[in-house]
Amino acid sequence: MHYISGLNHQNKLTMDTNSNALNWFEIPATDIVRAQKFYETVFAVSMHNMGEMMGMKMLAFPVDPASGKVSGGLVQSQTHTPAQNGSVIYLNANPSIQQVIDRIEPAGGKVVMPRTQISPEVGYMAFFVDTEGNRVGLHAQN
């Protein structure tokens, strides 16, 4: 996987305005098969099985590695514990956040904050708890 970063004054890779602040995210799972079914259902995507690495089972969200776009996946390991507190990631719910929200509870999750407008310019957000117990955010323009 290729990550985009800038060069600092010492020609070393660094985070700057031309790079992503986030390179990769991992959503912890206690049952990666159940988590895969949930996320594939909610986002209407197919996840890529990355196999096992360093004792971690990993599945990736769709991404073209050459695009420079940030992605991430589901991870099951002894060091990954689902949680509802701490850092929050916001997954892309475009083109309609409500369509994504409507698939959460039938897939086994729970909506904990409904579609809420941030501002007309920024769009909408929502929060849900997935089948593994993680609190995750959604963001979309509509």
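A few comments on the model shown:
- Loop-located trypsin sites (Lys or Arg not before Pro) in the range 25-113, at most 13 other Cβ atoms within 10 Å (DSSP): K69
- Computed P(r) (all Cα pairs; the chain; 10 Å bins; percent): 12, 37, 35, 14, 2, 0
- Among T17, T41, T30, the ranking by other beta carbons within 10 Å of each residue's beta carbon, starting with the fewest, stands as T17, T30, T41.
- When the chain is treated as a GNM with alpha-carbon contacts under 10 Å, the residue of I101, I32, I118 showing the greatest mean-square fluctuation is I118.
- The GNM of the chain, with springs linking C-alpha atoms under 10 angstrom apart, assigns the highest mean-square fluctuation among S46, S119, S71 to S119.
- Using the rule -39500 (n - 2.57) for each DSSP H run of four or more residues, divided by the residues of the chain, the 222 nm mean residue ellipticity is -4000 deg cm²/dmol.
- The slack in the chain from V63 to D102, taken as 0.36 nm per residue of separation less the alpha-carbon distance, amounts to 11.6 nm.
- Shape parameters for the range 16-80, alpha-carbon atoms, Rg then Dmax in Å: 12.6, 37
- DSSP beta bridges in the range 19-142 [antiparallel fraction, %, rounded to 5]: 70 percent
- Most fluctuating residue given options V112, V100, V129, as computed from a GNM of the chain linking Cα atoms under 10 Å: V112
None of the figures in this text is laboratory data; all of them are computed from the coordinates on show. Please read these numbers as outputs of a predicted model, since none were measured by experiment. Here the Cβ is made from the backbone with ideal geometry for all residues, glycine too, and neighbour counts use every protein chain on show.
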